Every structure is written in C-alpha cells, then in structure tokens.
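Below: one structure, written as structure tokens.
Bear in mind that the values in this text are calculations on the coordinates, not laboratory data. All values reported here derive from a predicted model rather than from experimental measurement. Neighbour counts are summed over all protein chains in view; Cβ atoms, including those assigned to glycine, are modelled from backbone coordinates with ideal geometry.
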Amino acid sequence: MKRLLCLFSAFVILLATLMSVNTAPATAGAWTVSSVQPILAEANVRNKADDKLAEIGDLIDLNNSSVRSFLDLKGFYPVLATKIVNNGPYGNVEEILNIPGLSDRQKARLEANLDKFTVTEPTEAFVYGQNNVNNGNYD
C-alpha cells in the first residue's frame with residue numbers, strides 16, 4: 001500500500017510539473033534552411049554474383065552453375081548435368097567432352113550445345129562449399 005501511495009504521489013507531482021510549464025506555439029518561420037547544402041553520395045552497389053551474371057549473360061557457366069541451370073536443355077537434367085557439375089572446374093568449354101563415363105549419345109548432346117556454355121573462374125558466391133549439385137537456389 002505504501003508503494004502504491006508513493007507511485008501515486010510521484011505521478012501527481014509529475015503531472016503538476018508538466019501542466020505548469022508554459023508552452024509556446026511552434027513556429028516554422030524562425031528557422032532558415034537555405035544555407036544547408038545536402039551531401040549526396042552515389043555509390044554503384046553490386047556484389048560479386050551480379051558482376052558474374054552480367055559477365056556471362058544467358059550462357060551457362062560450367063564452373064559456377066548448379067544442376068538446375070541445365071533444366072532448359074533437353075536431355076541434360078539431371079544425369080548429364082550432374083556429371084558436368086561434378087567433374088568441374090573446366091579450363092575451356094570443350095573439356096566437358098572428356099568427362100569419364102559419357103555415352104556417345106551424351107557426347108553428341110554436349111557437342112550440339114557447346115555454344116550455350118561458357119567457362120569463367122569459379123566464384124565463391126556460386127560454389128561456396130563446393131555444392132553445385134544442389135546449391136539451394138530454387139527460382
């Protein structure tokens with residue numbers, strides 16, 4: 001009960017103090033902002049993944065792509081795509097024709113689509129943990 005009485009007394013004193021303060025109406029005319037010059041910083045914000053995607057365009061980068069990247073190529077997903085991803089990195093596009101265990105049909109399919117591939121240096125943004133089979137990108 002004593003605690004409640006102390007809290008109530010403190011509240012009454014605070015309220016009386018706030019009510020006795022003279023408040024003047026706010027005026028905007030007292031301030032001039034004409035001398036303030038804004039500082040604008042323009043930064044070109046891009047990450048390594050955006051840079052790499054801009055570099056390769058619509059091609060499939062054999063060293064930085066996951067198995068899902070081959071979905072649009074008939075006959076690649078998932079078996080041939082997994083072989084390609086698991087046997088990288090590659091120095092040039094033609095090296096995929098030397099993957100061990102390829103059938104003649106798979107080699108013919110690769111040869112017919114060599115123009116859809118490119119090879120760049122592996123980028124950590126795409127191959128972190130060396131898990132290109134399923135990198136968690138489901139777009």
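Only one residue of Asn86, Ser103, Thr123 has its Cα farthest out toward the positive end of the dipole of the stretch 67-130, where Lys and Arg carry +1 and Asp and Glu -1 on Cβ, and that residue is Ser103. Residues whose amide H comes within less than 5 Å of that of Asp61, counting only those at least five positions distant or on another chain, are Thr118 (H built at 1.01 Å from N in the peptide plane).
Taking a sphere under 12 Å around the Cβ of Pro89 and counting the other residues whose Cβ falls inside, with K and R at +1 and D and E at -1, yields a net charge of -3. Averaged over residues, the count of other Cβ atoms within 10 Å places the peptides 53-59, 66-72 in the sequence 66-72, 53-59, highest first. Couplings 3J(HN,Hα) for the stretch 3-17, derived from phi with the Karplus relation 6.51 cos²θ - 1.76 cosθ + 1.60 (θ = phi - 60°), are 4, 5, 5, 5, 4, 5, 5, 4, 5, 5, 5, 4, 5, 5, 5 Hz, where x marks Gly and Pro.
Scaled to the compact-protein estimate 2.2 N^0.38 Å, what is the alpha-carbon radius of gyration of the stretch 67-130, rounded to two decimal places? List each step's numbers first, then the result.
Values: Rg = 11.5 Å, N = 64, 2.2 N^0.38 = 10.7 Å.
For the stretch 67-130, the normalised Cα radius of gyration comes out at 1.08.
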